[in-house]
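One structure below.
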Amino acid sequence: MRMKYLWIPHMCVVASFGVCSKQLWRWLLGLFHLYSPQRVSAVRHVVPVLLLLYLSFKLYPLVMEELSELREFYDPDTVDLMNWIRSSTPKNAVFAGSMQLLAGVKLCTGRTVTNHPHYEDKALRERTKQVYQIYAKQPPENVHSILRTFGADYVILEDSICYERRHNRGCRLRDLLDVTNGHVMDGPGLDDPDLVPSAHPRFCDAIRKDEPPYTSFFSRVFKNKTFHVYKLKKQEK
C-alpha cells in the first residue's frame with residue numbers, strides 16, 4: 001500500500017523531470033544532428049502529452065474495472081462507535097486509542113486524536129508507546145496521567161487487543177508491552193529471568209469492573225460488543 005501511494009508518485013515526478021528535461025532532448029537530438037532550440041521546446045512538450053494520452057488509453061479500462069467493483073463495508077460496532085462520537089462528544093474532544101482505530105476516528109468524525117499510523121516519526125512512535133499503556137499492567141493513576149499529558153478527553157479500549165488470542169504468546173501487543181515494562185507475560189510459557197510479576201492488573205481488563213480506584217479517574221460513557229469508551233475525569237490539584 002505504501003509503495004502504491006508513496007513510491008509511484010515519486011517515480012512519476014522523477015520520470016517527468018527526465019521526459020521534460022532540456023538537457024536530455026538537446027543531447028538526443030544532437031546525436032541525430034537534429035538539434036535546434038525550437039525542436040527541443042516542441043519535443044519536450046509534445047512527448048509528455050503523447051505519453052499521457054497513451055497511458056490514458058491503455059489503463060482506462062483497468063481503472064473503470066476497479067471502480068466498478070463495489071465492496072460492502074459491514075462493521076456495525078465500528079459504525080455504532082463513529083455515530084456515537086459524532087453525536088455525543090464535543091467537536092474539540094481529543095481521543096486516545098490504537099493507531100488503526102484512531103485513523104478511522106479522525107477520518108469519520110473529524111475529532112482530534114493523540115496518535116496515528118506515522119511510523120517514520122520517532123516522537124510519534126514514543127507517544128504511541130506511551131498511549132498503549134492502556135493495554136499494559138499499569139495503575140489507573142499512571143494511565144490517567146499519561147493520557148492527560150497528551151491532552152486526551154476520551155480513551156477507546158478494544159477487546160480485540162485486550163483479549164487477543166490470534167497470535168502466539170510473545171507476539172501479542174500486550175505481551176510486547178509487558179516485556180518493555182519488565183513484567184511477566186500472561187499465560188503459561190517461559191519468560192526472561194529479568195522479568196517480574198506486575199503489582200497491578202492489566203488496565204484494559206480491570207477498568208471494565210467499574211470499581212475504585214478506576215472510577216476515580218475514568219467514567220464509562222459508551223460500550224458495545226467491541227469497544228468501550230471512557231471519559232477522563234478532571235483531578236483536583
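Which chymotrypsin sites (Phe, Trp or Tyr not before Pro) in region 1-101 sit in a loop by DSSP (not H, G, I, E or B) and have at most 13 other Cβ atoms within 10 Å of their own Cβ?
Values: sites: 5, 7, 17, 25, 27, 32, 35, 54, 57, 73, 74, 84, 95; in loops: 32, 35, 73, 74.
Sites meeting the loop and neighbour criteria: 32, 73, 74.
Using only the alpha carbons, work out the radius of gyration and Dmax of the chain in angstrom.
26.7, 87
Treating the beta-carbon of each Lys and Arg as +1 and of each Asp and Glu as -1, no other charges, what is the dipole magnitude of the chain about its Cα centre, to the nearest 20 debye? Don't skip to the end; give the middle numbers.
On the way: 33 positive and 25 negative charges, 199 e Å.
With only Lys, Arg, Asp and Glu charged at Cβ, the dipole is about 960 debye.
Considering only C-alpha atoms, what is the centroid distance from region 126-153 to region 36-112, in Å?
If you average the Cα positions of each part, the centres end up 32 Å apart.
About the Cα centre of region 101-143, how large is the charge dipole given +1 on each Lys and Arg Cβ and -1 on each Asp and Glu Cβ? Please answer in debye to the nearest 20. List each step's numbers first, then the result.
Details: 7 positive and 4 negative charges, 10 e Å.
Magnitude of the dipole: close to 40 debye.
Counting only protein heavy atoms and a 1.4 Å probe, tell me what percentage of the chain's accessible area is made up of carbon and sulfur.
Details: 9680 of 15770 Å².
After summing per-atom areas, the C and S share lands at 61 percent.
Just to check, using Stokes-Einstein with a Kirkwood Rh over alpha carbon pairs, what's the diffusion coefficient of region 9-84 at 4 °C and 1.567 mPa s in µm²/s? Display every interim value, and only then the final one.
Values: Rh = 16.3 Å.
So the translational diffusion coefficient is about 79 µm²/s.
Enter the angle in degrees (range 0 to 90, nearest 10) between the Cα long axis of helix 99-109 and the first principal axis of the Cα atoms of the chain, meaning the one along which they spread out most.
Value to nearest ten degrees: 80.
Name the residue farthest towards the positive end of the dipole of the chain from the options 139, 43, 54, assuming +1 on Cβ of Lys and Arg, -1 on Cβ of Asp and Glu, about the Cα centre.
The Cα lying farthest towards the positive end belongs to 43.
Hey, what's the chain come to in accessible area per residue, 1.4 Å probe, Å²? The partial results should precede the final answer.
Values: 15770 Å² over 237 residues.
Normalised by residue count, the accessible surface of the chain is 67 Å².
Evaluate the charge dipole of region 1-82 about its Cα centre and quote only its size in Debye, nearest 20, assuming +1 on the Cβ of each Lys and Arg and -1 on the Cβ of each Asp and Glu. Can you show the working numbers first?
Working: 8 positive and 7 negative charges, 224 e Å.
Using only the charged Cβ atoms, the result is roughly 1080 debye.
Could you point to the residue in 81, 34, 20 farthest towards the positive end of region 1-91's charge dipole, with +1 and -1 charges on the Cβ of Lys/Arg and Asp/Glu respectively?
Farthest towards the positive end: 34.
To test your reading of the geometry: what angle, between 0 and 90 degrees and rounded to tens, separates the Cα axis of helix 122-131 from the longest principal axis of the chain?
Tilt relative to the chain: about 30 degrees.
Of the beta bridges DSSP finds with both residues in the chain, what % are antiparallel, to the nearest 5? If you can, show how the numbers build up before the last one.
On the way: 10 of 15 bridges.
Bridges in the chain are about 65 percent antiparallel.
The values are calculated or read from the model by the stated rules, or taken from the named source; none is laboratory data. Just so you know, these numbers come straight off a predicted model, no measurement behind them. Cβ coordinates were reconstructed from backbone atoms using ideal geometry, including for glycine residues, and neighbour counts include every protein chain displayed. Note: areas computed on protein heavy atoms with side chains; ligands, DNA, RNA excluded. Shrake-Rupley method; radii C 1.70, N 1.55, O 1.52, S 1.80 Å.
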